[in-house]
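Asks: One structure coming up, written as structure tokens, with questions to follow.
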Amino acid sequence: MSTLPSNLQTSSDPPILPKPFNANQPETIRLHPFSSNEISTKSPQPEEDASVEERLNRLRTFYKEHGMRRFAEAVMLCHEHNHPHVMLLQIANSFYKLPGNWLKHDEEEIEGVQRILDELFEPDNSPPSETKWEIGDAVGQWWRPNFETSLYPYIPAHVTRPKECKKMYLIPLPQRKVIAVPKNLKFLAIPFHELYENASTYGPQLAALPHYLAKYRFEYVDENGNVVAITPGGVPQDGDRTTLEDPRYYHGGSNGTNGVTAEDTEMK
């Protein structure tokens, strides 16, 4: 297998492609480079609550009036150097979080996610963008059993009335869009390898994202939409090498080398 599409491979000894290995997986996700979007700034958006206690008090009030609160977060994906990155907001050079907010009690779920992202990233004093956010699968849920800070990826057995559910939605960055980031926040592309098992820096929810997203196959494109890399395991295309004895590449040779030279084994 190879991460390079067949049309970009230059080796005289291309890899042997096995039968497809993508059964029962979600559809392939196309990732655009972060640089294909225009990033600008907008007016600051300070936190609604000045302290954790204020936030929990507001949760108590909401729960009393409307029941369990719904919190929506966007797992916004792009790529750099053909490696998936998650877009995070950074607050005060220390705290990281996914873009998101609470849904209104009477708001439809997907419409609410669109509203939250538009309020956060639409430029000030501009008409609504024609490029809408592509809201994909829900990739994870975390539960707040009580009026406290702890969240769990499950509902504890003794809890029958959770106070809040936080749901994460997969949202690939568009190919072209103006994204205005509030001045009090940083919008950072964090690679999977940096998040993986790094709860000490990003917390357990963000560190778990590579696990949640491991079920997806990705297709990486350049700024013009050309595929430059793929997750291996798809259906071999016409002309791909599928056997060792393919006459186009079988050269004989000794010591089991099949005539392959050192030059052929270089990464291309």
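Asks: Out of (1) at pLDDT 95 or above; (2) over 25 Å from GLU54 (Cβ atoms); (3) out of contact with any helix residue (DSSP H, G or I) (no Cβ under 6 Å at 6 or more places or on another chain); (4) among the aliphatic types (A, V, I, L, M), what's the single condition that is false for ILE135?
Replies: (3)
Asks: With the requirement that a residue be within 25 Å of SER40 (Cα to Cα) and out of contact with any Gly (no Cβ under 8 Å at 6 or more places or on another chain), what does the range 138-179 give you?
Replies: Residues satisfying the conditions are LEU173, PRO174, ARG176, LYS177, VAL178, ILE179.
Asks: Given the conditions (1) over 29 Å from LYS132 (Cβ atoms); (2) in contact with a Gly (Cβ under 9 Å, 6 or more places away or on another chain), and given that LEU59 satisfies all but one, which numbered condition is not satisfied?
Replies: (2)
Asks: Output the residues belonging to the range 70-81 that are crowded, with 17+ Cβ neighbours inside 10 Å and not aliphatic (A, V, I, L, M).
Replies: ARG70, PHE71, GLU73, CYS78, HIS79 - these are the residues of the range 70-81 that are crowded, with 17+ Cβ neighbours inside 10 Å and not aliphatic (A, V, I, L, M).
Asks: Can you name the strands (runs of 3 or more DSSP E) wholly within the range 72-177 that have at least 1 residues being closer than 19 Å to ASN198 by Cα?
Replies: By residue number, 83-91, 95-97, 138-144, 164-172.
Asks: Another question, if that's okay. Mind listing whichever residues of the range 12-69 are polar (S, T, N, Q), surrounded by 15 or more Cβ atoms within 10 Å (Cβ to Cβ) and assigned to a helix (DSSP H, G or I)?
Replies: SER36
Asks: Checking the structure you have, find out if any residue of the range 103-112 is in contact (Cβ under 8 Å) with a residue 24 or more places away in the chain and touching a Gly at 6+ places or on another chain (Cβ under 7 Å).
Replies: Scanning the range 103-112, I find at least one residue that is in contact (Cβ under 8 Å) with a residue 24 or more places away in the chain and touching a Gly at 6+ places or on another chain (Cβ under 7 Å), so the answer is yes.
Asks: ASN224 - would you say it is polar (S, T, N, Q), out of contact with any strand residue (DSSP E or B) (no Cβ under 8 Å at 6 or more places or on another chain), over 26 Å from GLY112 (Cβ atoms) and part of a loop (DSSP other than H, G, I, E, B)? Don't jump to the end; show me each part of the working.
Replies: On the way: polar (S, T, N, Q): yes; out of contact with any strand residue (DSSP E or B) (no Cβ under 8 Å at 6 or more places or on another chain): yes; over 26 Å from GLY112 (Cβ atoms): yes; part of a loop (DSSP other than H, G, I, E, B): yes.
Yes: the conditions hold for ASN224.
Asks: Moving to a separate point now. Of the residues that make up the range 178-187, is at least one surrounded by fewer than 16 Cβ atoms within 10 Å (Cβ to Cβ), within 27 Å of TYR220 (Cβ to Cβ), at pLDDT below 95 and not aromatic (Phe, Trp, Tyr)?
Replies: Yes, the conditions are met somewhere in the range 178-187.
Asks: Mind counting the residues in the range 157-166 that are in contact (Cβ under 8 Å) with a residue 12 or more places away in the chain and either farther than 21 Å from ARG55 by Cα or surrounded by 14 or more Cβ atoms within 10 Å (Cβ to Cβ) (or both)? Spell out the reasoning first.
Replies: Here is the first cut: in the range 157-166, the residues in contact (Cβ under 8 Å) with a residue 12 or more places away in the chain are 159, 161-166.
Checking the rest, the ones that are also either farther than 21 Å from ARG55 by Cα or surrounded by 14 or more Cβ atoms within 10 Å (Cβ to Cβ) (or both) come to 159, 162-166.
Residues in the range 157-166 being in contact (Cβ under 8 Å) with a residue 12 or more places away in the chain and either farther than 21 Å from ARG55 by Cα or surrounded by 14 or more Cβ atoms within 10 Å (Cβ to Cβ) (or both): 6 in total.
Asks: Identify all residues within the range 199-226 that are polar (S, T, N, Q) and surrounded by 15 or more Cβ atoms within 10 Å (Cβ to Cβ); write none if there are none.
Replies: Correct list: GLN205 only.
Asks: Next up: Tell me which of these ASN24 doesn't satisfy, since it passes every other one: (1) under 28 Å from GLU108 (Cα atoms); (2) free of Cβ contacts under 8 Å to residues at least 40 places away in the same chain.
Replies: (1)
Asks: Being at pLDDT 90 or above, farther than 29 Å from LEU88 by Cβ and not aromatic (Phe, Trp, Tyr) is true for just one of ASN37, ASN7, ASN24. Which residue is that? Quick ask: steps written out before the conclusion?
Replies: Working: ASN37 fails: farther than 29 Å from LEU88 by Cβ; ASN7 fails: at pLDDT 90 or above.
Criteria check complete, one pass: ASN24.
The values are calculated or read from the model by the stated rules, or taken from the named source; none is laboratory data. Since this is a predicted model, take the numbers as computed values, not measurements. So basically every Cβ, Gly included, is an ideal-geometry build from the backbone, and we count neighbours across all protein chains shown.
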